[in-house]
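Accompanying notes for the structure given below.
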Protein chains: 2
Amino acid sequence: MPLVLDSDDVRQACDMAQIIKSVEDGINEQAQGFVEVPMRQNLTTSNGFFRVMPCVMTRAGKMGIKVFNGSVETGVRYIIMIYDEKTGELLSMMDAAYLTGVRTGATTGVATKYQSRQDSSRVGVIGSGLEAKTNLEAITHVREIESVSVFSPTKRNREIFARESSERYGFPVHAVSDPKKAVSGADIVVVATNTTGHADNIAYYGDWMEPGQHINSIGATGGHLREIDPLTFGNANRILVDSYAQVKEESGDSAAALAYGTWDESKFVEMPALFKGVTCRDDDNQITLFKSVGTGVQDIVAAFAVYEQAKKLELGVLVEDFMEHKIF
Amino acid sequence: MPLVLDSDDVRQACDMAQIIKSVEDGINEQAQGFVEVPMRQNLTTSNGFFRVMPCVMTRAGKMGIKVFNGSVETGVRYIIMIYDEKTGELLSMMDAAYLTGVRTGATTGVATKYQSRQDSSRVGVIGSGLEAKTNLEAITHVREIESVSVFSPTKRNREIFARESSERYGFPVHAVSDPKKAVSGADIVVVATNTTGHADNIAYYGDWMEPGQHINSIGATGGHLREIDPLTFGNANRILVDSYAQVKEESGDSAAALAYGTWDESKFVEMPALFKGVTCRDDDNQITLFKSVGTGVQDIVAAFAVYEQAKKLELGVLVEDFMEHKIF
């Protein structure tokens, strides 16, 4: 009897603290060898992509798949289905548009916890969309934030972001008209943009990096998308990634860094390694970068957290199980 | 507003003639280069598998995915989701347990049309489950069948199969107690078994092959499953497959033939090649084999055929579109 959760249900059932913990636990399960999460399959449609991200977690007893299609230009539809890994029963199907933004933020939260300076208090944000919001939210869960500056090309958007965030968190959030000014003096930077296919549309430059800074870049998740320049990779001392193979293969930013010769494999740490004692910042002066494209394990554990919360809050619609269990 | 179809709806909406035509058209689309159908992803769960088969058909404007989990031993749950390939809209979610059996039969129908002798009239069936039924049904659509013999290890099962098939098609169907007797003198053989993991549990031997015969083997779709022996590959003059890479990699029968040295690559033809003028039978004396494991294109075109038929018959439940179209 699967629980169908629409976008409103999912929004209500998203608890960022819970999802950060779920993502951290999920990556730890991955580190311990109890997770199968193959490279996602990217199929090409007439107007965009059709992407498939399955994941099986044997010890946690969780499995599922995210299926999404469209393009950054025309919009994307996301669905996640989660199953009881032991019995094979479908537990829930949910709209995963908002959830994808939340789990991306939560993953940045985990990265920022391990990679930013402990005393980080100032955040610079480039972008004002859903991911900019969820990334900032997650960061407030892992560091004591005192002030934020935000840049977004549209004045109205950055001002709304500043007002809403300031009201929500109780610390000052300044909208600024220059991206460099937004990140100058920041301890933690978020680059969360939706640059749509323009190779010259770089939102953040490595020239702007300052000693001790930690930068999260979570956009540019397709080969034709860009948001950070090659020098961002070059100037970072340590680079954390959610999936080395996928970040290298899928992001237009990575392709540019590889082409410009600023991709140094020895700088990279993959998130599961954090749970095996590998560090991703050696001292307070290092510049660190987190670059993510999203993995199936993030989606599945976030969806399970939403499912549990939705049951508590009695959200969604239980539909009759329309899947026969075929016995041979 | 996706249409949810449960197993009863799907059964009612399955029209074999339509699905054979859909599978044939789909493989033709594949031959013309308008289909992306990657190798299916097989993940391992605590008690079986979690499999994912996406497919995008750009010219036909169809796309979708089959997701199924479980094992032959404990049972399997199947779901197919189909989308409008142009708009990205989810059109339908359906139980695909029965449909998988039907599309497997339909694909055998296409193979038998191209590979069996035109004057084939006698069919030998080994197996009495869903796939044995759908395979026989499909064969009656492409050849003028006059009589059938069926073997299944359980007397009751083969007798029920014989009685029901005879009533349905109007030709004699004999239940026999010996598999060799079932296929002796047959023009077309169907091997559709669910041998569960016993390496010695071979249902059909190449020794039994007769000149001019055409054999369809559609079971043994996992590495630990078997139904035909290595000599079946060795004695066949031409071998048709739905996906060369998948048949070679996924079937326990293929692994055995490779190990025994009876796998001769030069004998193989992949189904799409049929639509580019390649033949899979050169004369009436050749022995031909069709070996399939199932591909995403078969699933998606079959699901679209069911969806269209279900709309005509006003079956299923339209559910509110719970997937937000996220605009960036």
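The values are calculated or read from the model by the stated rules, or taken from the named source; none is laboratory data. All figures in this text were calculated on a predicted structure; none of them were measured in a lab. All Cβ positions, even for glycine, are placed from backbone atoms using ideal geometry, and neighbour counts span all protein chains on display.
General remarks:
- Within region B:212-254, tally of residues that are closer than 19 Å to B:THR295 by Cβ and aliphatic (A, V, I, L, M): 8
- Residue identified as in contact (Cβ under 8 Å) with a residue 60 or more places away in the chain, closer than 23 Å to B:ASN201 by Cβ and within 19 Å of the chain's Cα centre (by Cα) among B:GLY129, B:GLY109, B:GLY101: B:GLY129
Residues are listed down the side, and each one gets a yes or a no for (1) at pLDDT below 95; (2) crowded, with 17+ Cβ neighbours inside 10 Å; (3) within 14 Å of another protein chain (Cβ to nearest Cβ):
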site	(1), (2), (3)
A:THR232	no, yes, no
A:LEU240	no, yes, no
A:ASP253	yes, yes, no
A:SER266	no, no, no
A:PRO272	no, yes, no
A:GLY296	no, yes, yes
A:GLN309	no, yes, no
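- For region B:148-186, the set of residues classified as in contact (Cβ under 8 Å) with a residue 40 or more places away in the chain and either buried (at least 24 other Cβ atoms within 10 Å of the Cβ) or in a helix (DSSP H, G or I) (or both) consists of B:PRO179, B:ALA182, B:VAL183, listed by residue number.
- Only one of the listed residues (B:GLY109, B:GLY127) is more than 30 Å from A:PRO2 (Cα to Cα), small (Gly, Ala, Ser) and not assigned by TED's automatic domain parsing to the domain that holds B:ASN201. That residue is B:GLY109.
- When residues of region A:1-50 are limited to those that are within 30 Å of A:ASP321 (Cα to Cα) and among the β-branched types (Val, Ile, Thr), the one farthest from the other protein chains (Cβ to nearest Cβ): A:VAL23
- Within this structure, A:ILE218 passes the test of being within 26 Å of A:ARG103 (Cβ to Cβ) and either in contact with a Ser or Thr (Cβ under 6 Å, 6 or more places away or on another chain) or of a type in the set (Lys, Arg) (or both).
- Complete set of residues in region A:97-129 that are aliphatic (A, V, I, L, M) and closer than 23 Å to A:MET271 by Cα: A:LEU99, A:VAL102, A:ALA106, A:VAL110, A:ALA111, A:VAL123, A:VAL125
- All positions within region B:39-80 that are in contact with a Gly (Cβ under 8 Å, 6 or more places away or on another chain), in contact (Cβ under 8 Å) with a residue 12 or more places away in the chain and part of a loop (DSSP other than H, G, I, E, B): B:ARG40, B:ASN47, B:ALA60, B:VAL72, B:GLU73, B:THR74
- Only one of the numbered conditions (1) within 14 Å of chain B (Cβ to nearest Cβ); (2) hydrophobic (A, V, I, L, M, F, W, C); (3) closer than 17 Å to A:ASP15 by Cβ is violated by A:VAL110, and that is (1).
- Matching residues, region B:51-73, being facing chain A (nearest Cβ under 9 Å), crowded, with 20+ Cβ neighbours inside 10 Å and either more than 19 Å from the chain's Cα centre (by Cα) or of a type in the set (Asp, Glu) (or both): B:VAL56, B:MET63
- Checklist (1) closer than 17 Å to B:ARG226 by Cβ; (2) under 16 Å from the mean Cα position of the chain (by Cα) applied to B:ILE188, failing item: (1)
- Hits in region A:86-103 (condition: among the charged types (D, E, K, R) and either surrounded by fewer than 24 Cβ atoms within 10 Å (Cβ to Cβ) or under 16 Å from A:GLY316 (Cβ atoms) (or both)): A:LYS86, A:GLU89, A:ASP95
- Exactly one residue out of B:ASP321, B:ASP282 is within 30 Å of A:GLU131 (Cα to Cα) and either away from every other protein chain (no Cβ under 14 Å) or charged (D, E, K, R) (or both), and it is B:ASP321.
- Selection of first residues in region B:195-217 that are away from every other protein chain (no Cβ under 14 Å) and modelled with pLDDT under 90 and of second residues that are surrounded by fewer than 22 Cβ atoms within 10 Å (Cβ to Cβ) and in a loop (DSSP other than H, G, I, E, B), restricted to Cβ pairs under 7 Å at least 6 apart or on distinct chains, gives the following pairs, ordered by first then second residue: B:ILE202/B:ASP229.
- Here B:TYR83 meets each of (1) assigned to a strand (DSSP E or B); (2) in contact (Cβ under 8 Å) with a residue 24 or more places away in the chain with one exception, condition (2).
- Among the residues of region A:74-107, the ones that are facing chain B (nearest Cβ under 8 Å) and touching a Ser or Thr at 6+ places or on another chain (Cβ under 8 Å) come to 8 in all.
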